[in-house]
1. For region 31-122, which whole percent of the accessible surface, found with a 1.4 angstrom probe, sits on carbon and sulfur atoms?
2. Based on alpha-carbon atoms only, what is the radius of gyration of the chain relative to the globular estimate 2.2 N^0.38 Å?
3. How big is region 59-187 on each of its three principal axes, counting only the C-alpha atoms and giving the largest first in Å?
4. Work out, in µm²/s and without decimals, the Stokes-Einstein translational diffusion coefficient of region 12-85 at 37 °C, 0.692 mPa s, Rh from Kirkwood over C-alpha pairs.
5. For a quick check, take a GNM of the chain with Cα springs below 10 Å and name the residue from Gly26, Gly64, Gly106 with the largest mean-square fluctuation.
6. Size of the dipole of the chain about the Cα centre, Lys and Arg at +1 and Asp and Glu at -1 on the beta carbon, nothing else charged, in debye to 20?
7. Points 7 angstrom from Cα along the Cβ direction at Glu54 and Ala131: gap in nanometres?
8. Mean-square fluctuation check for the chain, GNM, Cα pairs under 10 Å: which of Thr44, Thr213, Thr122 is largest?
Amino acid sequence: MQENTPANLGILMLDTRFPRILGDVGNAQTWPFPVRYGVVKDATPQAIVCDDIEPFVQSFIDIGRDLVAQGCRGIATTCGFLALIRPRLAAALGVPVAASALEQAGQIAPMLAPDQRLGVLTISATTLTPAHLTAAGVPAGTPIQGMEGSSFATSILGNKTTLDVTAARREMVAAAQALVAQDPTVGAIILECTNMVPYSADIALATGLPVFTIYTYLRWFHAGLTPRSF
């Protein structure tokens, strides 16, 4: 966005090279409202998803403070694994923080039929720990399906400069179908990874289930930051 464009939502970006296609949280054209980005240097997807997040916490806070100083009234992030540090971000920044699509779990679960539950599609099931899920308010025992070994995960976690969108779409649908096949009680799906948004409509069509993402979360979040006048 242009520097002189007002934005109530600031988004903390990982330090990435992969293509930010339309629908991706890091593509400003994805949003129907202005956003302002701040990149956290050296916070690569591998570092945040698979390694230790602690060395980067202060940097997230510092960039978040910059965004707040520029007029942002709420802060979001571009990685679902950052739910782990949301309390520290909110305490340090003094504005509402929406860190992960997983944080919608508390809203979605009560809407489902008594015999249904949420399912989660994540870029890395092996590193999405109980601590992440607890921080985001995801119910214990929630079915989780990872994308390990996919070209999508390889491109994102490897921070490559290329992304095979056709293959990623196919892999995402297959993973969602596997999630539902393994647990037929799944009545709605949350996509943990913010880079999964471009494939959400395909997943919904293939599974017949509602799909919630960082896009659905931040549309709601922004509506509170900038209420519509009637």
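1. Carbon with sulfur: 54 percent of the solvent-accessible area.
2. 0.96
3. Principal-axis extents of the Cα atoms in region 59-187, largest first: 47, 42, 22 Å.
4. 255
5. Of Gly26, Gly64, Gly106, the Gaussian network model singles out Gly106 as fluctuating most.
6. It works out to roughly 560 debye.
7. Result: 0.8 nm between the two label points.
8. Among Thr44, Thr213, Thr122, the largest mean-square fluctuation in the Gaussian network model of the chain belongs to Thr44.
The values are calculated or read from the model by the stated rules, or taken from the named source; none is laboratory data. These figures come from a predicted structure and were not determined experimentally. A quick note on method: Cβ atoms are made from the backbone with ideal geometry, for glycine too, and the neighbour counts reach across all protein chains shown. For accessibility, only protein heavy atoms count, side chains too; no ligands or nucleic acids. Shrake-Rupley method; radii C 1.70, N 1.55, O 1.52, S 1.80 Å.
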